[in-house]
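In what follows, a single structure is set out as structure tokens and then discussed.
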Amino acid sequence: MAAAQAVEEMRTRVVLGEFGVRNVHTTDFPGNYAGYDDAWDQNRFEKNFRVDVVQMDEDTLEFDMVGIDAAIANAFRRILLAEAGGWVEVSCLLCLLGQVPTMAVEKVLVYNNTSIVQDEILAHRLGLIPILADPRLFEYRNQGEEEGTEIDTLQFRLQVRCTRNPNAAKDSSDPNELYVNHKVYTRHMTWVPLGNQADVFPEGTIRPVHDDILIAQLRPGQEIDLMMHCVKGIGKDHAKFSPVATASYRLLPAI
């Protein structure tokens, strides 16, 4: 009886013991345990597997996958990061496995950058800013095309110059009082319509997802002036196109 319980624990539990973690490897494959039929069975999988939604709001989805191996759960995590959309169709108990694209900054034309942030680092930060735009309304840009059009490109302008605040108190040491525009946020990004985009998209529908993402900090006399081109892509091509900010999993504890 004790031996049967030990085998069942090895098959179904990862144990956090006093001196380490046990049973972390996958053992439920045919022939590993005498008397157990661990061959893949679709009916048994459909009967034992379920998805329980723990929390779901506009930005976050947390759910439990019960009756699945950790390796498969990790595969779902990687799919969410690289290829899948940021939601799960719970009624079908299936993750969306299609390649879901997003819009992200692909090219940055720097006209003037006198901040302490190098052009390459600044362009990298801009590429990771999530853009609120429906990618279904755009086409993929053909490889090798330098100039974008209204059907495959979104254009943003960022032009900010830091100056001293003439009304600041003489004894003040707070940068928020001493300087004007010393922090460059995504709210400073201005959408520049291409072609007929102004007629197709209502004002305010094309913008960064969040307007309070800090891009850079400036001091009086420093300026950032650049143009950004956003294109359509998927997370498998570059992490900036990933529709989820992060995806992680953990084993459900049984205490």
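Using a simple charge model, +1 on the beta-carbon of Lys and Arg, -1 on the beta-carbon of Asp and Glu, nothing else, what dipole does the chain show about its Cα centre, in debye to the nearest 20?
Numbers: 24 positive and 37 negative charges, 116 e Å.
Taking the Cα centre of the chain as origin, the dipole is about 560 debye.
What lysines does Lys240 reach when the alpha-carbon gap must be under 18 Å and sequence neighbours fewer than 8 apart in one chain are set aside?
In chain and number order, the partners are Lys107, Lys232.
Considering segment 157-209, what Rg and Dmax in Å follow from its alpha-carbon atoms?
Computed over the Cα atoms of segment 157-209, radius of gyration and Dmax are 16.5, 51 Å.
On the protein heavy atoms, probe 1.4 angstrom, tell me the percent of accessible surface of segment 1-81 carried by carbon and sulfur.
Numbers: 3310 of 6230 Å².
Ligands and nucleic acids excluded, carbon and sulfur give 53 percent.
What does the charge count around Asn165 come to, taking other residues whose C-beta lies under 15 Å from its C-beta (Lys +1, Arg +1, Asp -1, Glu -1)? Show your work: numbers first, answer last.
Numbers: positive: Arg161, Arg164, Lys170, Lys183, Arg219; negative: Asp171, Asp174, Glu177.
Charge balance near Asn165 sits at +2.
Might you tell me the accessible area per residue for the chain, computed with a 1.4 Å probe and given in Å²? Show your work: numbers first, answer last.
On the way: 16770 Å² over 255 residues.
Normalised by residue count, the accessible surface of the chain is 66 Å².
Where does segment 169-255 land on Rg/Rh, using Cα atoms and the Kirkwood Rh?
Values: Rg = 19.8 Å, Rh = 17.4 Å.
For segment 169-255, the value is 1.14.
So what's the net charge close to Glu146: Lys and Arg +1, Asp and Glu -1, counting the other residues with Cβ under 15 Å from its Cβ? Before the final figure, lay out each step's value.
Working: positive: Lys107, Arg141; negative: Glu106, Glu145, Glu147, Asp152.
Every neighbour counted, the sum reads -2.
Please report, for the Cα atoms of segment 101-241, the Rg to one decimal and the Dmax as a whole number; what are they, in angstrom?
Values for segment 101-241 (Cα only, Rg and Dmax): 16.8, 57 Å.
Want the number for Asn23 to Arg161: 0.36 nm per residue separation, take away the alpha-carbon distance, what's left?
Details: separation 138, 0.36 × 138 = 49.68 nm, distance 5.86 nm.
So the chain would gain 43.8 nm between Asn23 and Arg161.
With charges only on Cβ, +1 for K and R and -1 for D and E, what is the dipole size of segment 142-211 about its Cα centre, in debye, rounded to 20? Before the final figure, lay out each step's value.
Working: 7 positive and 11 negative charges, 110 e Å.
It works out to roughly 540 debye.
Just to verify a number: FRET efficiency for Glu46 and Tyr185, C-beta to C-beta distance, R0 = 51 Å, to 0.05? Don't skip to the end; give the middle numbers.
On the way: r = 49 Å, r/R0 = 0.95.
Between Glu46 and Tyr185 the formula returns 0.55.
From the P(r) of segment 1-81, can you give the percent of Cα pairs sitting at distances over 14 Å?
On the way: 2404 of 3240 pairs.
In whole percent, the share of Cα-Cα pairs in segment 1-81 beyond 14 Å is 74.
Multiplying the sequence separation of Leu128 and Asp37 by 0.36 nm and subtracting their Cα-Cα distance, what value in nm do you get? Provide the component values of the computation, followed by the final result.
Details: separation 91, 0.36 × 91 = 32.76 nm, distance 4.78 nm.
So the chain would gain 28.0 nm between Leu128 and Asp37.
Return the single residue from Thr153, Thr26, Thr190 with maximal mean-square fluctuation; model: Gaussian network over the chain, springs between Cα atoms under 10 Å.
Thr26
Mind jotting down the three principal axis lengths of the chain based on Cα atoms? Whole angstrom, largest first.
So the three principal-axis extents are 83, 50, 31 Å.
The values are calculated or read from the model by the stated rules, or taken from the named source; none is laboratory data. Quantities reported herein were computed from a predicted structural model and do not represent experimental measurements. Cβ: placed from backbone, ideal geometry, glycine included. Neighbour counts: every protein chain shown. Surface accessibility is based on the protein's heavy atoms, side chains included, excluding ligands, DNA and RNA. Shrake-Rupley method; radii C 1.70, N 1.55, O 1.52, S 1.80 Å.
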